[in-house]
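Trainee: Here you go, one structure.
Readers should treat all values here as calculations from the given coordinates under stated rules, not as data from a laboratory. Predicted model, so just to flag it, every value in this text is computed and none were measured. Neighbour counts run over all protein chains shown; Cβ positions are idealised from the backbone, glycine included.
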Amino acid sequence: MSERIDGSPFCPCAPVEESMLGVDRRSFLVGAAALAMAACAGGDGSGTTAPDTVGNKPDTVGNKVDVAAHPTLADTNGVALVTLSGTPLAIVRTGAATFVALSLICPHQGATLNASSNGFTCPRHGARFSLTGSWAGGERTSSMRSYATQYDVATGKLSIG
């Protein structure tokens, strides 16, 4: 038989009471839940999330995409992957003169999403998104961040942000 720190006898075969552990069951469960929520909220630990805006700062002119330079955008549902102001984006042609610009940063864990023929997938946790950025399956999360677009038919330029 051994002794506890307070000098009382301790038997490893004896049942353990919560008071002997130094933390009660409720405090343990609350702490465990807080840790689990923090792990999901922080993404990849780097704090990487999609920015609120892309390339529309007054001193930036990098928010335009030449649609003709991306042959995949010639047809509806065509997707082009670009980077503007350091943000990886997917541009999806949704109509003759309409487009959607989506951040490729996963809204859940901050990973860069992979493009497929029918949408996007998070390589980290398997969430799937449609070509319009809506959550479509896999681990539940919010939809992809989208940015305003304006297409100038005369110049063939798409402004994002």
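Trainee: Provide the FRET efficiency to the nearest 0.05 for the A69-S130 pair, computing r from the beta carbons and using R0 = 30 Å.
Mentor: Using R0 = 30 Å, I get an efficiency of 0.75.
Trainee: In addition: For segment 64-160, take the convex hull of the Cα atoms, compute a quarter of its surface area, and give me that in nm², please.
Mentor: For the Cα atoms of segment 64-160, the hull's average projected area reads 5.6 nm².
Trainee: What is the packing order of peptides 115-127, 145-157, taking the mean over residues of other C-beta atoms within 10 Å and listing the highest first?
Mentor: The densest-packed peptide leads the list: 115-127, 145-157.
Trainee: Now, a different point. Treat every Asp and Glu Cβ in segment 88-161 as -1 and every Lys and Arg Cβ as +1, leave all other atoms uncharged, and give the resulting dipole magnitude about the Cα centre to the nearest 20 debye.
Mentor: Value, rounded to 20: 80 debye.
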